Amino acid sequence: MKYYLIAGEASGDLHGSNLMKTLKQQDGDAEFRFYGGDLMQAQGGTLVKHYAEMAFMGFVEVVMNLRTVLRNIKNCKADILSYQPDVLILIDFPGFNLKIAEFAKKQGIKVFYYISPKIWAWNQKRVLKIKRDVNRMFCILPFEVEFYHKWGMQVDYVGNPLLDAKAAFNPQPDFLQQNAISASKPIIALLPGSRKQELQYILPDMLAAADKFPDYQFVIAGAPTFTPDFYTQFLKDKQIPVVFDATYDLLNVAKAALVASGTATLETALFKVPQVVLYKGNALSIGIAKMLVKIRFISLVNLIMDKATVAELIQEDCNPMRIETELQAILYHPKREEMLHDYEILAEKMGSPGASEKTAKLMYQYLK
């Protein structure tokens, strides 16, 4: 069968690649065409557009790049019509994908949605559009099943694909040596995000806080969309290594982490690394978000736990002084032990690996 996938961010590229791998095991004749990234491209098929050309963070940034966004949507619709897939598989990325879902449904193309948009956070009535335009929804967060049920929609809970990625992880035995990372100091991982806008807002504060911890080795997890030179402008004369395509290796050896809000917060928790979650953006975008978003937390860890397991420093609170204070707290008892205990409960809530395989099997069965 012919599969058309759309992932607009680094996390979507990861989940999309794992799904493609398991779809090939179910369907020996699988053909792929997709919007995604390097990981999906490694699974074969045709990459139409890289997510690096599509990801805009915040309301203001989207408006400023509206012409590009609309052109991408128009081109995507035309490409889908030309390809005529057996199914369109949308991966999160709701601002773009919900528009594509509406178009595809009108064209008689079957629509599957893998990884639900966070419609439970704001403008929940969007679920009515999903009921209208999406044939099957595959959720990866436990509380989403109940949310959709309240709106009269049956969905498939497949577990979380991050568990698959972690289960498949094989540590590099010489990771520290290859990346010139000191083994004599405890390591603190810096995960500033994969989008240019969020990184520009958050990384300087991370680095300023790092100056207060001379007894630790800070290491940046570089995003695949950037080159080492991009990080040099922030580092200046700081001796902080940047590692690429090795985030899991970094988390595997880290004592603590500073993490931009997003999928990485859950990945960090699954590696049992105490963390501080950071989020900062355009002031106007944040102001609009505060008026619209109706949830208590922004990090996936806290949302799943339904409690403040990890500290969230948002906008004005995301500053070097607060970061230093919260980082100190998770390096030592009792906050550190409390967070590690909560991580054990989180792991139980998340369940076992196999989300990608389960999703692929269900998709193939529904298509047949």
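Descriptive notes on the structure:
- Here region 186-203 is the region considered, the condition is being open to solvent by 20 Å² or more (accessible area, probe 1.4 Å) and assigned to a loop (DSSP other than H, G, I, E, B), and the residue that is nearest to C318 (Cα to Cα) is G193.
- Members of region 111-168 found to be among the small types (G, A, S) and more than 18 Å from L270 (Cα to Cα), listed by number: S116, A121, G152
- Residue list for region 1-56, restricted to those being of a type in the set (K, R) and either part of a strand (DSSP E or B) or free of Cβ contacts under 8 Å to residues at least 24 places away in the same chain (or both): K2, K24, R33, K49
- When restricted to residues that are within 19 Å of E9 (Cα to Cα), among the aliphatic types (A, V, I, L, M) and in contact with a strand residue (DSSP E or B) (Cβ under 6 Å, 6 or more places away or on another chain), region 90-136 contains 4.
- Members of region 169-180 found to be open to solvent by 20 Å² or more (accessible area, probe 1.4 Å) and of a type in the set (F, W, Y), listed by number: F169
- Enumeration of residues in region 214-223 that are assigned to a loop (DSSP other than H, G, I, E, B) and touching a strand residue (DSSP E or B) at 6+ places or on another chain (Cβ under 7 Å): Y216
- Scan of region 261-279 for residues that are more than 18 Å from L207 (Cα to Cα) and open to solvent by 10 Å² or more (accessible area, probe 1.4 Å), ordered by number: G262, T263, A264, E267, L270, F271, K272
- Scanning region 105-164 for residues that are among the aromatic types (F, W, Y) and over 21 Å from T22 (Cβ atoms) yields a total of 6.
- Identity of the residue in region 120-137, touching a Phe, Trp or Tyr at 6+ places or on another chain (Cβ under 6 Å) and of a type outside the set (K, R), that ends up nearest to K106 (Cα to Cα): V134
- Every residue from region 99-128 that is at pLDDT 95 or above and over 21 Å from the mean Cα position of the chain (by Cα): E102, F103, A104, K105, K106, Q107, G108, I109, K110, V111
- The lone exception for Y51 - which of (1) at pLDDT below 95; (2) over 13 Å from L5 (Cβ atoms); (3) hydroxyl-bearing (S, T, Y) it fails: (2)
- Residues of region 165-178 that turn out to be of a type outside the set (D, E, K, R) and more than 23 Å from G16 (Cβ to Cβ), as a count: 7
- Note on region 300-368: enclosed helices (runs of 4 or more DSSP H) holding 1 or more residues that are aliphatic (A, V, I, L, M) and surrounded by fewer than 16 Cβ atoms within 10 Å (Cβ to Cβ) are 320-331, 335-350.
- Any hit, region 160-173, residues being touching a Gly at 6+ places or on another chain (Cβ under 8 Å) and modelled with pLDDT of 90 or more: yes
- Subset of region 221-271 [among the aliphatic types (A, V, I, L, M) and within 15 Å of the chain's Cα centre (by Cα)]: A221, A223, V259, A260, A264, L266, A269, L270
- Check on A183, closer than 27 Å to M321 by Cβ and either crowded, with 22+ Cβ neighbours inside 10 Å or touching a helix residue (DSSP H, G or I) at 6+ places or on another chain (Cβ under 7 Å) (or both): no
- Residues of region 232-260 satisfying the condition of being surrounded by fewer than 17 Cβ atoms within 10 Å (Cβ to Cβ) and among the hydroxyl-bearing types (S, T, Y): T232
- Looking across S11, S17, one residue alone is among the small types (G, A, S), in contact with a helix residue (DSSP H, G or I) (Cβ under 6 Å, 6 or more places away or on another chain), under 23 Å from F138 (Cβ atoms) and at pLDDT below 90. It is S11.
- When residues of region 111-168 are limited to those that are in a strand (DSSP E or B) and free of Cβ contacts under 8 Å to residues at least 60 places away in the same chain, the one most open to solvent (accessible area, probe 1.4 Å): Y157
The values are calculated or read from the model by the stated rules, or taken from the named source; none is laboratory data. Remember, predicted model here, so these are calculated numbers, not experimental data. For neighbour counting, all protein chains shown are included, and Cβ atoms are generated from backbone atoms with ideal geometry for every residue, glycine included. The area values use the complete protein model at the heavy-atom level, side chains included, leaving out ligands, DNA and RNA. Shrake-Rupley method; radii C 1.70, N 1.55, O 1.52, S 1.80 Å.
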